[in-house]
Amino acid sequence: MAVPARLCCSRLRYSLFAIRYSLLAIRPSLFPRRAPMLENFSFRTIVEYLPLFGQGLITTVWLSALSFAGALAVGIVLAAMNLQRAQLFRIPAKAYIDAVRATPLLAQLYFLYFGLPRLGFVLPELVVGILALSLNSGAYVAEIIRAGILSIPRGQVEAGVASGMTYVQRMRLVILPQAFKVTIPPLLGQAIVLVKDSALLSLISVSELTRAGQLLASDRFMPAEGFITIAAFYLLLYYCLKGLAGLSSRWLGLQPARSST
Amino acid sequence: MSTPSPTKTGMIDFRGVSKWFGTLNVLKDITLSVEPREVVVVCGPSGSGKSTLIRCINGLEAIKDGDLIVDGQRLGDPATNMTQLRTEIGFVFQSFNLYPHKTALENVTLAPIHVRKIARAEAEQAGRELLAKVGLADKVDAYPSQLSGGQQQRVAIARCLGMRPKIMLFDEPTSALDPEMISEVLDVMVAVAEEGMTMMVVTHEMGFARKVAQRVVFMDAGAIVESGTPEEFFSAPKTDRSRAFLSKILRH
């Protein structure tokens, strides 16, 4: 395992040198001679820690999935409140969304992590983490859903009204089926953001993917190995979600196009 | 408030109706009565309040002053069930407003099934018959995006007819269409009129007005300026404003 890795490194090193010396001819002072950066990169340690990374990856996947489900629930309720004409519903929803969007997720996470026990709710870190991600992402999901519903042309609402539909019938039969298609791509975008945000849960010692990288980095004093590896795994997750987004948009493309009116 | 005629009420009865958009007075003291089975064409320059006038009838716009009585029910009265009343009033939009996620047949049957509570099989049979009647028997399963403008508007008319309304309102039904598609829509509207539907049609299609309208109402700046039979109106307009308007639209 180590031999091809070395081989790969030396080839990379060679090309780096080639670039450096070709540029050196132009501005020698810009490129002082340094030890090559990948000299000590240890693939062996990464392989050794692979089971830990695997566990972290699995935890990240399912806690993100749960958090996204929670975010959808929170988002639907907030969007429904935000679309009401009554200030009684709109003001709290808007205040909540503003508060979430204006503050860092890390602050929100610590707020729950240290705040909930003071209120008498002592929950496992994992539950606090999922709660924080759901409540945070829910605010963004609410805005996506609201935008999706508002993007449906006014004429659709009027057509429903004119044929004697009630508000609930219009929503169920006319608006929501159309809004659903519009919101799928941005919702998947939000899911990608949520997966990356879940890295912050490592700070309240949830043993997810980033935590695995941190452990490697601190056990062996190898930050590059730890964090480049988790970055690669996040990239993998990103491409999975992106593939899902592609599939869904192809599926939506087969459905009838949106009104030309 | 104007004094309503005490004896008879029409199918649609405007009695001194006024409406403002902010400070803009879009309807000024409109008094107009449409009898059952009557076809009234409303014309006038852009911004004269024609569309607003017919949008008030099914409550898409609320009136400010006066009384508007539709099918014996006063709009704005707490006793009037607007949702119920709207099922009796078909409305055809300038931009069709078909449901893009539903097929032609589903567009026609959606409200009958969910609002009128008609059994699905029965509604679908009626829907197929209506689509055949507007000449779209072969487009039953097509989505609106697969239909031309004229075809979409005919589906929209079938969608209204599916509710078996007492009144049909048309808001510039041919204005968004290419010229060669206008006649296919007008033909359907003529057929509906000849079956005895009470209709108010905002249009500049003077051929249609001559053929089926009992009355032409000319509006300008939110008021009814002139009203008469198509023959009177087109051959001998009484006011300068209607003469000027007619000279503009008939020149081409």
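The values are calculated or read from the model by the stated rules, or taken from the named source; none is laboratory data. The structure presented is a predicted model; accordingly, all values stated were derived computationally and were not measured. A quick note on method: Cβ atoms are made from the backbone with ideal geometry, for glycine too, and the neighbour counts reach across all protein chains shown.
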* Asked: Residue check: is A:SER207 polar (S, T, N, Q) and within 14 Å of another protein chain (Cβ to nearest Cβ)?
  -> no
* Kindly indicate which of B:ALA156, B:ALA176, B:ALA119, B:ALA193 is farther than 20 Å from B:HIS101 by Cα, of a type in the set (Gly, Ala, Ser) and crowded, with 20+ Cβ neighbours inside 10 Å. => B:ALA193
* Being within 11 Å of chain A (Cβ to nearest Cβ), under 13 Å from the mean Cα position of the chain (by Cα) and at pLDDT 95 or above narrows it down to one of B:LEU161, B:LEU169, B:LEU98, so name that one. => B:LEU169
* Asked: In segment A:142-172, how many residues are assigned to a loop (DSSP other than H, G, I, E, B) and either more than 7 Å from chain B (Cβ to nearest Cβ) or under 22 Å from A:LYS94 (Cα atoms) (or both)?
  -> 3
* Structure fact -> Scanning segment B:54-81 residue by residue, the ones that are among the aliphatic types (A, V, I, L, M) and surrounded by fewer than 16 Cβ atoms within 10 Å (Cβ to Cβ) total 2
* **Qualifying position, being assigned to a helix (DSSP H, G or I), over 19 Å from the mean Cα position of the chain (by Cα) and either among the aliphatic types (A, V, I, L, M) or farther than 21 Å from A:ALA245 by Cβ (or both), among A:LEU176, A:LEU135, A:LEU106** => A:LEU176
* State yes or no: is B:GLY127 within 14 Å of another protein chain (Cβ to nearest Cβ), surrounded by 20 or more Cβ atoms within 10 Å (Cβ to Cβ) and among the small types (Gly, Ala, Ser)? => yes
* Asked: With respect to B:GLU205, is the statement that it is within 15 Å of B:PHE233 (Cα to Cα) and either acidic (Asp, Glu) or touching a Leu at 6+ places or on another chain (Cβ under 7 Å) (or both) true?
  -> yes
* Structure fact -> Going through segment B:46-69 in order, the residues found to be within 13 Å of chain A (Cβ to nearest Cβ) and either in contact with a Gly (Cβ under 8 Å, 6 or more places away or on another chain) or over 15 Å from B:ASN25 (Cβ atoms) (or both) are B:SER51, B:ILE54, B:ARG55, B:ILE57, B:ASN58, B:GLY59, B:LEU60, B:ALA62
* Determine, yes or no, whether B:GLU35 is within 14 Å of chain A (Cβ to nearest Cβ), in contact (Cβ under 8 Å) with a residue 24 or more places away in the chain and either under 19 Å from B:PRO237 (Cα atoms) or surrounded by fewer than 21 Cβ atoms within 10 Å (Cβ to Cβ) (or both). => no
